[in-house]
1. Quick check on segment 43-52. Is at least one of its residues within 30 Å of GLU151 (Cα to Cα), at pLDDT 90 or above and not charged (D, E, K, R)?
2. Restricting to segment 104-135, give me the number of residues that are at pLDDT below 75, surrounded by 14 or more Cβ atoms within 10 Å (Cβ to Cβ) and either of a type in the set (Phe, Trp, Tyr) or not in a helix (DSSP H, G or I) (or both).
Amino acid sequence: MGKSGDDERGFFSERWLEPPAKDKTPKDKLTETPHYHGHRDRLRERFVAGGADALPDYELLELLLFRLIPRVDTKPIAKALLARFGTFGEVLGAPVALLQEVKGIGPAVAVDLKVIAAAAQRMARTEVRDREVLSNWTQLLAYCRSAMAFENREHFRILFLDKKNVLIADEVQQVGTVDHTPVYPREVIKRALELSASAVILVHNHPTRLFSITYDHSLAR
């Protein structure tokens with residue numbers, strides 16, 4: 001019994017006298033700032049100096065990801081998103097489930113990107129609401145593109161205008177499949193009469209990222 005106790009004490013004594021293992025990582029490596037921090041600062045400075053036009057799509061996407069993913073190099077993630085979806089607009093228009101298929105994009109970041117997309121759509125809608133739509137076709141196209149060009153199913157959208165071509169309402173009448181959307185002329189006319197619209201603009205997208213616009217002022221006659 002005594003021998004066993006001596007061995008036990010000797011074992012712990014030897015372990016106690018052993019110096020603790022040293023961290024072999026150089027001290028400068030422990031305090032080194034990640035390389036992408038300087039890149040983030042430079043990218044922000046370029047944006048402030050030249051605006052969004054001074055940055056390619058992947059760098060503008062990086063700027064968004066800076067806040068969403070604080071402590072990670074976001075350049076590879078931005079490039080992976082563009083490689084997967086094609087364009088900046090298609091990244092923001094992509095469904096949450098598909099965004100999460102890209103390495104580095106988790107559920108929270110995917111939802112945050114959709115919030116940004118919704119904010120962009122809201123801003124575009126403000127540009128055409130309560131204004132003469134047909135006087136600025138460029139703004140109208142930009143709005144329609146942001147609202148539906150990147151949907152993964154076909155949508156049939158109607159913009160209802162008053163006699164001065166000012167937007168009264170913007171509604172999606174039907175949502176179809178990847179290659180088909182039903183259109184019911186009776187429902188279009190019924191809704192136009194309900195809103196006292198004098199003209200309508202019919203907008204139809206395709207999952208190929210294209211959309212078509214038809215203007216009909218026959219309601220005014």
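1. Checking segment 43-52: not a single residue is within 30 Å of GLU151 (Cα to Cα), at pLDDT 90 or above and not charged (D, E, K, R).
2. Of the residues in segment 104-135, 2 are at pLDDT below 75, surrounded by 14 or more Cβ atoms within 10 Å (Cβ to Cβ) and either of a type in the set (Phe, Trp, Tyr) or not in a helix (DSSP H, G or I) (or both).
The values are calculated or read from the model by the stated rules, or taken from the named source; none is laboratory data. What you see is a predicted model, and the numbers here were worked out from it, not measured in a lab. In this analysis, Cβ positions are derived from the backbone assuming ideal geometry, glycine residues included, and neighbour counts consider all displayed protein chains.
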